[in-house]
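What follows is one structure encoded as structure tokens, with my remarks underneath.
The values are calculated or read from the model by the stated rules, or taken from the named source; none is laboratory data. What you see is a predicted model; the values in this text were computed from it and never measured. A quick note on method: Cβ atoms are made from the backbone with ideal geometry, for glycine too, and the neighbour counts reach across all protein chains shown.
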Amino acid sequence: MYRRGGDNVALWCVGGKDNFGPALQFIHTVNTHFPESGFQKLAIVTDRDDNDIGCCLDKMHALFLQQGWSVCLENKKENAFFYDVEGERFEITIAPIIIPFTEPGAIETIMVNAIGETGSEEHSIVNRAKEYVQSFVSSGNLTKYLQHKREIPKAILSSVISITNPDCSTAYFNELLISNDWEKKEIVKTHFGLLKTMFI
């Protein structure tokens with residue numbers, strides 16, 4: 001929980017894109033039992049993996065529907081939803097941020113592309129890392145590794161980091177995240193700018 005003035009921001013890592021149900025149930029419970037002090041804004045950041053964005057939005061809609069909220073959602077937009085508690089009307093703003101916007105993948109895809117934006121050398125490393133990992137996947141020789149498509153972006157990111165920052169390749173992931181100026185990368189601004197608009 002983060003506090004600025006009279007505002008609170010809570011970050012909730014639900015442990016994967018298939019685990020939003022309990023979090024949404026909690027938010028619904030708080031907002032229907034304590035609407036005066038309930039959540040006013042909700043951003044849902046999730047990977048799309050191989051799904052199209054419409055499919056991800058449909059799954060979110062179904063989860064809200066289980067709570068009795070028929071929410072109309074559009075990706076990377078603030079969607080206002082009005083609900084009534086004891087005859088009084090309240091509003092919550094819900095912003096799905098299903099990433100990446102323009103291709104299948106995950107947060108690692110954005111990170112790899114952000115590194116590729118740094119310069120021509122990094123761009124070349126990113127392209128070669130993608131080819132390198134894909135060559136293993138396509139070879140048919142792997143039976144234990146890279147068996148799930150969601151693992152491929154992680155392997156590409158690890159390859160890029162091993163080359164661009166070998167001293168960090170065995171460091172804790174949090175140290176790597178802190179050591180980069182991600183907020184300066186255009187692809188990061190594109191994908192996460194709505195959070196800044198909503199909460200800052």
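Within region 111-131, the set of residues being loosely packed, with under 15 Cβ neighbours inside 10 Å and assigned to a helix (DSSP H, G or I) comprises Ser120, Glu121, His123, Ser124, Asn127, Arg128, Glu131. In region 144-155, the condition of being part of a helix (DSSP H, G or I) and closer than 30 Å to Glu36 by Cβ is met by no residue.
Taken over region 37-51, the criterion of being more than 8 Å from Ile99 (Cα to Cα) and among the polar types (S, T, N, Q) is satisfied by Ser37, Gln40, Asn51. On the basis of being modelled with pLDDT of 90 or more and over 30 Å from Asp7 (Cβ atoms), does Tyr172 make the cut? For Tyr172, the condition - modelled with pLDDT of 90 or more and over 30 Å from Asp7 (Cβ atoms) - is not met. In region 32-54, is there at least one residue being over 21 Å from Gly193 (Cα atoms), within 15 Å of the chain's Cα centre (by Cα) and assigned to a helix (DSSP H, G or I)? No, region 32-54 has no match at all. Entry remark, region 57-104: residues being under 14 Å from the mean Cα position of the chain (by Cα) and either over 16 Å from Gly193 (Cα atoms) or not in a loop (DSSP other than H, G, I, E, B) (or both) number 9 in total.
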